[in-house]
Amino acid sequence: MAGADVRDILELAGGDDAGPISKKDIINSDKKKVKKTTETLTFKRPEGMHREVYALLYSDKNRDAPPLLPSDTTQGYRTVKAKLGCKKVRPWKWMPFANPARRDGAIFHHWRRVAEEGKDYPFARFNKAVQVPVYSEQEYQMYLHDDGWTKTETDHLFDLCKRFDLRFIVIHDRYDHQQYRKRSVEDLKERYYTICGKLTKVRAATGTEPKIYIFDAGHERRRKEQLERLFNRTPEQVAEEEYLVQELRKIETRKKEREKKAQDLQKLITAADTNTEMRRAERKATKKKLPQKRETEKPAVPETAGIKFPDFKSAGVTLRSQRMKLPSSVGQKKIKAIEQILTEQGVDLNPMPTEEIVQMFNELRSDLVLLYELKQAHSNCEYEQQMLRHRYEALLKAGGAVPPQGEGLGIESQSWPSADDIKTEAKEQIIDVVGAPLTPNSRKRRESASSSSSIKKVKKP
């Protein structure tokens with residue numbers, strides 16, 4: 001048993017039958033420490049139990065068992081618990097008290113702190129009494145006299161109002177109908193509030209207008225009559241009223257639908273009228289501009305010059321910056337050329353889109369596109385002129401120094417071209433200004449065609 005105890009102390013592996021302990025085992029005990037393997041028991045999930053419920057059970061893998069009670073260690077905004085035992089307990093005492101709101105002198109008992117002994121009842125401040133006005137004999141005779149009311153009946157009414165705090169239903173119940181005339185609740189209210197209004201008006205200071213409460217007894221009577229009629233309705237009358245209310249709602253919905261359809265139709269009519277008016281105005285403008293265009297079409301200026309920006313005339317909200325976007329018809333070469341010219345001139349590519357800036361910026365870019373097209377046309381014309389000059393010189397060398405027309409040539413020796421030659425010459429003299437630049441193949445074809453036609457002219461007698 002001694003060897004097993006030593007193994008347990010040194011945390012060596014092996015049981016009771018491992019043999020005697022040697023010197024090497026004691027020296028190399030740190031290297032040969034092996035953790036004790038605990039056999040983990042695996043339990044199967046019982047049938048009928050959900051996986052989430054089984055995961056809440058305690059196991060060796062899940063060391064933290066689920067709490068039995070909800071715990072909250074965060075203090076956050078919560079109040080700190082009271083630390084009991086730090087101060088002495090304040091003594092309480094069973095003592096009598098009287099309520100100032102009562103006039104019968106009743107005495108009650110309750111628990112109260114000893115330090116508050118002798119103080120007034122704290123809830124007495126919530127006793128709010130109604131200030132019922134008091135009038136004198138002289139005031140009644142001068143201002144409050146009424147043929148339908150006697151002074152004793154009026155005094156009885158004000159006494160009940162003071163006793164029951166203007167609870168007129170209770171006042172009407174306690175009113176002495178045997179000694180005085182039978183009055184309704186509206187009659188009692190009307191008499192009380194008329195006297196209060198007259199007293200406040202009489203007692204008010206000179207130059208001031210006090211606020212006087214006016215009670216409308218007729219309106220109150222009609223309101224109660226309507227409530228009684230509403231309460232005494234039969235089930236058939238209630239069902240009929242509900243049916244009428246539903247029919248009224250259907251009529252209102254149909255009316256709204258008709259109004260909406262009429263508005264939509266009116267919008268369509270106005271839109272069509274505006275479109276027709278705009279078309280008529282455009283036709284008139286085109287008719288007026290037709291003679292001017294004919295005069296300006298005499299010089300060879302391309303018709304498709306500049307940029308045609310789209311007009312945003314559709315309904316809805318549009319941004320002014322959309323008007324500055326170049327249309328898809330403008331090619332990439334023209335866009336790059338425009339951007340290059342604008343950067344060279346120090347113009348912002350995306351300026352602030354105000355009304356004037358948008359219009360002027362679009363006009364500037366349209367003029368730049370026109371300038372770009374005119375430069376291309378000018379370069380094409382210069383190339384064609386140079387090519388024709390070289391061809392003319394080559395024909396002079398091949399034909400043997402043919403002098404130009406009008407230099408010492410007689411009328412008889414002069415060879416006149418035919419009508420076909422004139423047509424071909426007219427076709428050759430047409431220069432493509434707006435079209436794309438000439439490719440090498442097209443140039444070769446034109447050179448060969450022009451050389452053959454010119455040789456034919458020379459060989460003719």
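Number of residues in segment 317-375 that are touching a residue at least 60 places away in the same chain (Cβ under 8 Å) and open to solvent by less than 70 Å² (accessible area, probe 1.4 Å) equals 4. Of all the residues in segment 207-242, those that are open to solvent by 100 Å² or more (accessible area, probe 1.4 Å) and under 20 Å from Pro133 (Cα atoms) number 4.
Taking segment 168-222 as the range and being of a type in the set (Val, Ile, Thr), over 20 Å from Lys151 (Cα atoms) and in a helix (DSSP H, G or I) as the test, the residues that pass are Ile169, Val170.
When Met360, Met387 are checked against the criterion of being modelled with pLDDT of 85 or more, under 25 Å from Ile307 (Cα atoms) and part of a helix (DSSP H, G or I), a single residue qualifies: Met360. Before we move on, is Asp146 out of contact with any helix residue (DSSP H, G or I) (no Cβ under 6 Å at 6 or more places or on another chain), surrounded by 10 or more Cβ atoms within 10 Å (Cβ to Cβ) and under 19 Å from Arg181 (Cβ atoms)? For Asp146, the condition - out of contact with any helix residue (DSSP H, G or I) (no Cβ under 6 Å at 6 or more places or on another chain), surrounded by 10 or more Cβ atoms within 10 Å (Cβ to Cβ) and under 19 Å from Arg181 (Cβ atoms) - is met.
The values are calculated or read from the model by the stated rules, or taken from the named source; none is laboratory data. Note that the coordinates shown come from a computational prediction; the quantities given were computed from them, not determined experimentally. Quick reminder, even Gly has a Cβ in these numbers, built from the backbone with ideal geometry, and neighbours come from all protein chains shown. Accessible surface is based on the protein model in full, side chains and every heavy atom, while ligands, DNA and RNA are left aside. Shrake-Rupley method; radii C 1.70, N 1.55, O 1.52, S 1.80 Å.
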